[in-house]
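Here's the structure we're looking at; comments come further down.
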Amino acid sequence: MTGLLDLAVSRRSVMECSLCATAGTALGASPVAWAAGRAQSAGTEAVHEFPYGAVTLTGGPIKAQFDRVHAHYLALDNDRILKVFRENAGMPAPGPDMGGWYDKDGFVPGLTLGQYISGLARLGAATGDTACHAKVAALVDGFGKAFVAAKNPYVGPKAQAQWAAYVMDKYVVGMIDAYRLSGVEQAKTLLPIIIAKCLPYISPVSRDRIGKLDPPYDETYVLPENLFIVADITGDDQYRQLAKHYMLDTEWFDPLAAGQDVLPGKHAYSHTIALSSGAQAYLHLGDEKYRKALVNAYRFMEPQRFASGGWGPEEQFVPLHQGKLAASLTSSKAHFETPCGSFADLKLARYLIRFTGEAHYGDGLERTLYNTMLAARMPDSDGGYPYYSDYGAAGEKRYYHQKWPCCSGTLVQGVADYGLNAYFHDDANVLVNLYTPSELRWDRPGGAVELVQETDYPAADSVRLTVRKPGDGRFGIKLRIPAWTKDAMLRVNGTSQPVTPGTLAAVTRTWKAGDVIELTLPQPLRTLPIDDKNPKLAAVMRGPVMYVGINPWVGIETQPIALPQALEAMPENPQAYRTDVGGRNLVFVPYFTVDTERSATYFKVA
């Protein structure tokens with residue numbers, strides 16, 4: 001690792017930077033323009049993400065969860081979050097202990113601070129909420145002073161001994177987003193200091209993690225995604241070289257790119273996050289290997305998925321074609337690490353949409369979003385957060401058994417990213433990927449474009465898009481037509497246009513203010529078998545949404561049910577169905593609407 005360990009500068013050098021790190025925070029009127037100074041992308045994109053703030057969520061279940069998460073994390077106590085860092089530095093540390101994973105004797109001390117900063121910066125950028133940006137600045141300032149003053153960059157022994165790379169990655173993403181999205185200059189100054197102080201504790205080679213518990217436990221291969229971005233921000237090629245160094249090529253990207261399924265036995269969440277490192281490697285290095293690896297990994301994941309879109313069971317990819325998912329239902333391992341796993345999966349789907357522009361990745365993204373992240377139970381006020389989804393015969397949405405787990409960090413990041421999932425664009429077209437009440441503002445050379453989307457989807461089948469501002473009117477609109485729909489209809493100002501499920505419907509014309517697109521996406525009920533060895537063990541789907549039976553009774557999983565044809569709609573409830581099973585009502589509702597009820601996901605299909 002010649003030359004790279006030079007980043008681990010002497011303590012004297014770090015302390016010489018301390019005055020910079022503790023200097024006042026500069027918050028501009030608007031977030032930093034991240035693209036300024038960014039290296040030209042080497043890998044090509046079919047479509048691009050819109051920036052935070054271009055999309056405003058205006059209603060529906062996605063907006064409702066977004067608002068609740070925004071309020072929850074904004075209200076977290078700064079002193080409590082910073083306490084363990086201040087204690088580590090020997091500074092006054094007011095506020096109660098966090099407890100759980102977070103404290104110095106916890107499982108991963110201080111792990112999620114960077115993710116809270118990142119999520120709040122994203123929320124602030126998405127909504128324009130200055131309170132979020134102010135909170136980000138305060139947390140960066142408190143963290144920066146304590147981090148520079150402390151001898152050890154890790155606030156507890158387990159963070160240092162077994163999670164050094166993982167924890168550093170969370171520190172780094174917090175500073176990246178604080179700088180890019182909240183305009184906190186101090187965060188940019190801290191980035192090289194964080195990496196320099198943490199690097200001596202991190203393996204000098206990228207190490208694979210096999211399975212859930214097998215050593216080595218740390219995940220060095222998650223580092224490159226954010227290190228590439230640090231190189232963009234700082235202009236220092238050392239970080240680009242460090243990112244390249246930690247790519248997990250031999251065990252992961254090389255075989256995946258060659259079409260070899262190396263998923264079985266791998267730790268599911270961290271290796272999926274590593275695919276985001278592959279995406280940034282493709283964007284920065286232009287190596288087609290990484291793009292191929294992402295495409296193949298997504299294909300290999302598909303048979304591993306539960307009906308929710310989440311893969312498993314219990315954080316580990318399993319050998320295919322052996323009925324492993326079905327077996328997990330009876331072994332209490334029908335678990336999907338909800339906010340963490342879905343955060344990784346949604347990022348992967350977004351990258352693949354960007355690289356390919358293909359509709360089926362949007363279908364997968366939508367399915368995962370509705371049934372995992374949106375379905376996560378809201379946290380309590382003292383560190384109780386969701387971790388697993390339970391797809392067994394009497395599943396419950398429980399909090400993780402320890403407070404402040406890793407999913408408390410990915411929950412806020414993933415929900416804050418909801419707007420990024422809704423629309424994409426190239427130079428000449430906007431792609432409508434999610435159907436949710438929202439407004440899009442697209443600044444393009446031909447003039448500002450504004451689109452308004454109105455819908456009760458997925459409760460209802462209809463979507464209405466109105467052009468509020470057309471710019472010069474010379475652009476196209478592409479709409480994702482999901483593969484599961486039948487008899488979909490598209491009208492432009494009342495004139496019908498044919499559509500094909502599983503494709504993008506392209507509408508090209510010179511747009512005027514007030515032009516309207518009306519889209520109808522019928523959502524027929526269907527079943528999805530749990531795996532290829534158990535075709536009669538299946539879950540119920542309507543459109544992208546997984547339906548579950550609520551308040552199931554003992555033995556329900558053994559009773560054959562004629563699904564989906566036996567289901568009938570409940571009166572005045574467009575999202576509930578019922579059927580008679582042995583003289584008892586079994587009611588099906590969207591999994592994302594379930595709160596504290598028990599639920600069953602898979603049934604024996606007659």
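The values are calculated or read from the model by the stated rules, or taken from the named source; none is laboratory data. Source: prediction; values computed, not measured. Cβ placement follows ideal geometry from the backbone for every residue including glycine, while neighbour counts extend to all protein chains displayed. Accessible surface areas use protein heavy atoms only, side chains included; no ligands, DNA or RNA. Shrake-Rupley method; radii C 1.70, N 1.55, O 1.52, S 1.80 Å.
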Legend entry - Neighbours by Cβ (under 7 Å, 6+ apart or cross-chain): first from segment 385-406, more than 26 Å from Tyr166 (Cα to Cα) and open to solvent by 50 Å² or more (accessible area, probe 1.4 Å); second in a loop (DSSP other than H, G, I, E, B) and not small (Gly, Ala, Ser): Ala394/Pro552; Ala394/Arg598; Glu396/Arg598
Inset, instruction - Check Tyr400 against each of (1) modelled with pLDDT of 95 or more; (2) closer than 15 Å to Cys340 by Cβ and name the one condition it does not meet. - result: (1)
Legend entry - Pick from segment 372-396, criterion among the hydroxyl-bearing types (Ser, Thr, Tyr) and touching an Asp or Glu at 6+ places or on another chain (Cβ under 8 Å), ranking: nearest to Thr410 (Cα to Cα): Tyr387
Inset, instruction - Sort out which residues of segment 284-305 are surrounded by fewer than 21 Cβ atoms within 10 Å (Cβ to Cβ), hydrophobic (A, V, I, L, M, F, W, C) and in contact (Cβ under 8 Å) with a residue 60 or more places away in the chain, and write them in order of number. - result: Leu285, Val295
Inset, instruction - Give segment 204-245 a look and list any residue that's open to solvent by less than 20 Å² (accessible area, probe 1.4 Å) and of a type in the set (S, T, N, Q), or say none. - result: Thr220, Asn226
Inset, instruction - Provide a single number: the residues in segment 71-88 that are out of contact with any Gly (no Cβ under 8 Å at 6 or more places or on another chain) and part of a loop (DSSP other than H, G, I, E, B). - result: 2
Inset, instruction - Kindly check whether there is at least one residue in segment 421-444 that is in a helix (DSSP H, G or I), more than 30 Å from Gly494 (Cβ to Cβ) and among the small types (Gly, Ala, Ser). - result: no
Inset, instruction - Might you let me know whether segment 409-425 holds any residue that is open to solvent by 30 Å² or more (accessible area, probe 1.4 Å) and among the charged types (D, E, K, R)? - result: no
Inset, instruction - Any chance you could count how many residues in segment 497-527 are of a type in the set (A, V, I, L, M, F, W, C), surrounded by fewer than 16 Cβ atoms within 10 Å (Cβ to Cβ) and assigned to a loop (DSSP other than H, G, I, E, B)? - result: 1
Inset, instruction - Answer yes or no: is there a residue in segment 124-144 that is part of a helix (DSSP H, G or I), closer than 24 Å to Asp417 by Cα, touching a strand residue (DSSP E or B) at 6+ places or on another chain (Cβ under 9 Å) and hydroxyl-bearing (Ser, Thr, Tyr). - result: yes
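Table: residues versus (1) part of a helix (DSSP H, G or I); (2) open to solvent by less than 30 Å² (accessible area, probe 1.4 Å); (3) under 30 Å from Tyr435 (Cβ atoms); (4) at pLDDT 50 or above.
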site: Ala26; (1), (2), (3), (4): no, no, no, no
site: Arg38; (1), (2), (3), (4): no, no, no, no
site: Ile62; (1), (2), (3), (4): yes, yes, yes, yes
site: Val69; (1), (2), (3), (4): yes, yes, yes, yes
site: Gly90; (1), (2), (3), (4): no, no, no, yes
Inset, instruction - Pick out the one residue from Gly183, Gly128 that is touching a residue at least 12 places away in the same chain (Cβ under 8 Å), in contact with a Pro (Cβ under 8 Å, 6 or more places away or on another chain) and on the phi > 0 side of the Ramachandran plot. - result: Gly183
Legend entry - Sole residue being closer than 20 Å to Asp531 by Cα, aliphatic (A, V, I, L, M) and part of a strand (DSSP E or B), chosen from Val548, Val587: Val548
Legend entry - Residue that is nearest to Ala268 (Cα to Cα), among those in segment 340-398 that are within 13 Å of the chain's Cα centre (by Cα) and among the hydroxyl-bearing types (Ser, Thr, Tyr): Ser342
Legend entry - Selection from segment 246-259 of residues that are open to solvent by 60 Å² or more (accessible area, probe 1.4 Å) and either charged (D, E, K, R) or in a helix (DSSP H, G or I) (or both): Thr250, Glu251, Asp254
